[in-house]
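Enquirer: Structure incoming, see below.
The values are calculated or read from the model by the stated rules, or taken from the named source; none is laboratory data. These numbers were taken from a predicted model, which means no experiment stands behind them. Because the Cβ atoms are built from the backbone with ideal geometry, glycine has one as well, and the counts that use them run over all protein chains shown.
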């Protein structure tokens, strides 16, 4: 304790140096002051991989297996993988993927009851009535998951006139509340929204029904008309 | 469940099942048995996605569920084990083995079952027949009966087994009314350990299935399609009498096969081809009589071996005896003598063979990383157990300074340990012996963890390389798709070359280099897995004997 430290204690070690073989006068390797490098230099290069027919076949099997797994319904993705640039064709591709996912029905007898996922209702919707039905059943499904304030809000919103604005608000409200949508519901809601918008090619606010058209030009006759 | 294993399992789950399943799976691995609410709460993933992920994991056997430990009425708990997920590394080897033993049909059956987790027999046969028909020429199709016979043979040799019927949680009968009911699957009380498939008597019983037909080819023609669609709908709605009986791949049987192969090839390398044939015969004869965890096979008399040798090897009886004597005297101790009756009773020593193979692996690792002189010191220490510093230098015939250096390097890498033997009770350094030693089992475990880390690093590097060149890969995929569609619709060569030129030459080089790297990384994963298999078998064999 008192004798440690200082010049005399510089080479003290916990074990007997003679027994391990370090004689006086031997230079010890310098003590390490920092972590070892991340990629230390290798003195011996590793052996090359064995390459033969069997290894190539195994390699091909492995890569094919991986590719096949990606296309199976077991492969679950939270949202469709975004490409580097959004493309027009993405709108049509996303619906293909979601169909593959719902094709798989496991043997429910071998799984506990609580894991059963109810399939949301599907089918093309263009009429307002069927859309409201879908939203109603969609709401029933979401009731289980969401909290009560959202529930009340949805009900009040639903009681309003079923115009486009209320549906947009509902959909926005739903999207805000949940962290992650089911991809089918999302795909269908987006699809419906776009389909609805496609029925009228023009944004509503741009619509000019021509009542003001004649009025302005009559008032200012001194301005040149180009 | 070490950190390396969990990391590797996460990467494997991500590659094969997606990121959601990866999150759920790693959470279960790190946290032990949990119920659904806990998983949702802690991972932050939505309810439906968690449910789907759990379904996928259970389907593939990676996760087991049972009713909660707090008594009846508590929610079901899910538990994952990393062993099953690590098997994914070995899938190509399983498929290849099935191909060598049972041809293309066997290969496809195993591949389908590995992809789906578990499937009914009729489902498997139909899918495989369809796939085989795809690859055959026009006008020919694969009959279901051929695929069925391949399936039977796989079950006979125990490569496939039935999924164990579920016990506890919810009482289920896995047998349907149509199937010949197996004598009452025991409604066992809730057991703490999941039952192994082998504990059920009907593990390898093939149900009687009515399945008549041929594989269907997906044709482009319209009329054929309508007819087939109508027919297909009718076929699919038929029940074939085996609903609820799912089959899965029996990995343990494959592992026994790999182990036998490793022993045979080791004998062939050490001695010669004929000795390896003798050992192969002995192993084949004891396939059904030896349990998987046995230390050695049942004793076989020399007369039996002589009768069972393949006819192409007509060696006379005295030569066989000489070969057997050689095998016994070999220091690797693959074959041992268990008695004198019947011309000599011989056994194959499984556990000792595995231990020797693991030892050879360790020695070669040291040799490749540190040089042949360090390997000499390592082998010396393995042989002589405990040696002092001075004795190491003398026995290894290496100058003192270099021997010290090498010993310290090995010590710092934890391949060699220092054992203190005190002369006095107060462990005074001047009065203590310091002996260097190598313990094979802990060293093997450490190397196994290194292997897991290696494979995880390889996978990560491969993912990184693909991500770097994602744009290039997508572009090349699009161009291939365009080319394929052009060729299908019959385009002139100029159009094809024009499309091909959309990829510039440096891009082609980049793609080529990328492909080469990815192939190398994949191939390296396969080969590290062979080492993993050897070390795992060795460690498991010691666990079962101790």
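Enquirer: Find the residue count for the stretch B:1-17, including only residues that are part of a loop (DSSP other than H, G, I, E, B) and modelled with pLDDT of 90 or more.
Expert: Adding up the residues that qualify gives 1.
Enquirer: Right, something else. Considering each of B:167, B:193, B:150 in turn, give the residue that is assigned to a loop (DSSP other than H, G, I, E, B) and either modelled with pLDDT of 85 or more or surrounded by 18 or more Cβ atoms within 10 Å (Cβ to Cβ) (or both).
Expert: None of the other options fit; the residue is B:167.
Enquirer: If you scan the stretch B:506-522, which residues turn out to be within 14 Å of another protein chain (Cβ to nearest Cβ) and in contact with a helix residue (DSSP H, G or I) (Cβ under 7 Å, 6 or more places away or on another chain)?
Expert: B:514, B:517, B:518, B:519, B:521, B:522 - these are the residues of the stretch B:506-522 that are within 14 Å of another protein chain (Cβ to nearest Cβ) and in contact with a helix residue (DSSP H, G or I) (Cβ under 7 Å, 6 or more places away or on another chain).
Enquirer: Assuming residue A:54 fulfils every condition listed in (1) more than 25 Å from residue B:427 (Cβ to Cβ); (2) surrounded by 10 or more Cβ atoms within 10 Å (Cβ to Cβ); (3) at pLDDT below 80 apart from one, which condition is it?
Expert: The number of the failed condition is (3).
Enquirer: Inside the stretch B:408-428, can you point out the residues that are surrounded by 14 or more Cβ atoms within 10 Å (Cβ to Cβ) and either in contact with a helix residue (DSSP H, G or I) (Cβ under 7 Å, 6 or more places away or on another chain) or within 27 Å of residue B:11 (Cβ to Cβ) (or both)?
Expert: Answer for the stretch B:408-428, where residues must be surrounded by 14 or more Cβ atoms within 10 Å (Cβ to Cβ) and either in contact with a helix residue (DSSP H, G or I) (Cβ under 7 Å, 6 or more places away or on another chain) or within 27 Å of residue B:11 (Cβ to Cβ) (or both): B:409, B:410, B:415, B:416.
Enquirer: To continue, here is another question. Considering (1) more than 7 Å from chain B (Cβ to nearest Cβ); (2) modelled with pLDDT of 75 or more; (3) assigned to a helix (DSSP H, G or I); (4) farther than 19 Å from residue B:470 by Cα, say which one residue A:70 fails and leave the rest.
Expert: (4)
Enquirer: I've got another one for you. Output the residues belonging to the stretch B:322-377 that are on the phi > 0 side of the Ramachandran plot and within 14 Å of chain A (Cβ to nearest Cβ).
Expert: B:371
Enquirer: For the stretch B:442-452, state whether one or more residues are farther than 30 Å from residue B:12 by Cβ and either in contact (Cβ under 8 Å) with a residue 60 or more places away in the chain or outside any strand (DSSP E or B) (or both).
Expert: Scanning the stretch B:442-452 turns up no residue that is farther than 30 Å from residue B:12 by Cβ and either in contact (Cβ under 8 Å) with a residue 60 or more places away in the chain or outside any strand (DSSP E or B) (or both).
Enquirer: Is one or more of the residues making up the stretch A:96-107 farther than 26 Å from residue B:478 by Cβ, in contact with a strand residue (DSSP E or B) (Cβ under 8 Å, 6 or more places away or on another chain), modelled with pLDDT of 70 or more and within 9 Å of another protein chain (Cβ to nearest Cβ)?
Expert: Yes, some residue in the stretch A:96-107 is farther than 26 Å from residue B:478 by Cβ, in contact with a strand residue (DSSP E or B) (Cβ under 8 Å, 6 or more places away or on another chain), modelled with pLDDT of 70 or more and within 9 Å of another protein chain (Cβ to nearest Cβ).
Enquirer: Here is a list of conditions, (1) surrounded by 13 or more Cβ atoms within 10 Å (Cβ to Cβ); (2) at pLDDT below 90; (3) within 14 Å of another protein chain (Cβ to nearest Cβ), and residue B:503 meets all of them except one; can you say which number that is?
Expert: Result: residue B:503 passes all but (3).
Enquirer: Kindly check whether there is at least one residue in the stretch B:97-116 that is at the interface with chain A (Cβ under 9 Å from one of its Cβ atoms), outside any helix (DSSP H, G or I) and in contact with a helix residue (DSSP H, G or I) (Cβ under 8 Å, 6 or more places away or on another chain).
Expert: Scanning the stretch B:97-116, I find no residue that is at the interface with chain A (Cβ under 9 Å from one of its Cβ atoms), outside any helix (DSSP H, G or I) and in contact with a helix residue (DSSP H, G or I) (Cβ under 8 Å, 6 or more places away or on another chain), so the answer is no.
Enquirer: Out of the residues in the stretch B:476-494 that are in contact with a helix residue (DSSP H, G or I) (Cβ under 8 Å, 6 or more places away or on another chain) and surrounded by 14 or more Cβ atoms within 10 Å (Cβ to Cβ), state the one that is farthest from residue B:6 (Cα to Cα).
Expert: Among them, the one singled out is B:486.
Enquirer: Kindly check whether there is at least one residue in the stretch A:26-34 that is in a loop (DSSP other than H, G, I, E, B), in contact with a helix residue (DSSP H, G or I) (Cβ under 8 Å, 6 or more places away or on another chain), more than 8 Å from chain B (Cβ to nearest Cβ) and at pLDDT 70 or above.
Expert: No, there is no match, as no residue in the stretch A:26-34 is in a loop (DSSP other than H, G, I, E, B), in contact with a helix residue (DSSP H, G or I) (Cβ under 8 Å, 6 or more places away or on another chain), more than 8 Å from chain B (Cβ to nearest Cβ) and at pLDDT 70 or above.
Enquirer: On the given criteria, is residue B:25 more than 10 Å from every other protein chain (Cβ to nearest Cβ), at pLDDT 90 or above, over 30 Å from residue B:156 (Cα atoms) and touching a helix residue (DSSP H, G or I) at 6+ places or on another chain (Cβ under 6 Å)?
Expert: yes
Enquirer: Would you say residue B:89 is facing chain A (nearest Cβ under 10 Å) and assigned to a helix (DSSP H, G or I)?
Expert: It is true that residue B:89 is facing chain A (nearest Cβ under 10 Å) and assigned to a helix (DSSP H, G or I).
Per-residue answers, yes or no, for (1) under 19 Å from residue B:273 (Cα atoms); (2) in a helix (DSSP H, G or I); (3) in contact (Cβ under 8 Å) with a residue 40 or more places away in the chain:
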{"residue": "B:298", "(1), (2), (3)": "no, no, yes"}
{"residue": "B:311", "(1), (2), (3)": "yes, no, no"}
{"residue": "B:314", "(1), (2), (3)": "yes, no, no"}
{"residue": "B:323", "(1), (2), (3)": "yes, yes, yes"}
{"residue": "B:333", "(1), (2), (3)": "yes, no, no"}
{"residue": "B:337", "(1), (2), (3)": "no, no, no"}
{"residue": "B:342", "(1), (2), (3)": "no, yes, yes"}
{"residue": "B:348", "(1), (2), (3)": "yes, no, yes"}
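Enquirer: Another one. Quick check: anything in the stretch B:64-83 assigned to a helix (DSSP H, G or I) and away from every other protein chain (no Cβ under 13 Å)?
Expert: Taking every residue of the stretch B:64-83 in turn, at least one turns out to be assigned to a helix (DSSP H, G or I) and away from every other protein chain (no Cβ under 13 Å).
Enquirer: Condition check: closer than 30 Å to residue B:537 by Cα and assigned to a helix (DSSP H, G or I). Does residue B:415 satisfy that?
Expert: Taking the combined requirement at face value, the residue does not satisfy it.
Enquirer: Here is a further query. Would you be able to say whether some residue in the stretch B:417-434 is at pLDDT below 95, at positive phi, in contact with a strand residue (DSSP E or B) (Cβ under 8 Å, 6 or more places away or on another chain) and within 11 Å of another protein chain (Cβ to nearest Cβ)?
Expert: Checked against the condition, which is being at pLDDT below 95, at positive phi, in contact with a strand residue (DSSP E or B) (Cβ under 8 Å, 6 or more places away or on another chain) and within 11 Å of another protein chain (Cβ to nearest Cβ), the stretch B:417-434 yields at least one hit.
Enquirer: Something else: Could you list, in sequence order, all residues of the stretch B:28-49 that are part of a loop (DSSP other than H, G, I, E, B) and within 19 Å of residue A:111 (Cβ to Cβ)?
Expert: The answer is B:33, B:45, B:46.
Enquirer: Regarding residue B:52, is this residue at the interface with chain A (Cβ under 10 Å from one of its Cβ atoms), over 17 Å from the mean Cα position of the chain (by Cα), at pLDDT below 90 and assigned to a helix (DSSP H, G or I)?
Expert: yes
Enquirer: Scanning for something without any contact (Cβ under 8 Å) to a residue 60 or more places away in the chain, surrounded by 12 or more Cβ atoms within 10 Å (Cβ to Cβ) and more than 14 Å from chain A (Cβ to nearest Cβ), does the stretch B:523-533 turn up at least one residue?
Expert: Among the residues of the stretch B:523-533, not one is without any contact (Cβ under 8 Å) to a residue 60 or more places away in the chain, surrounded by 12 or more Cβ atoms within 10 Å (Cβ to Cβ) and more than 14 Å from chain A (Cβ to nearest Cβ), which makes the answer no.
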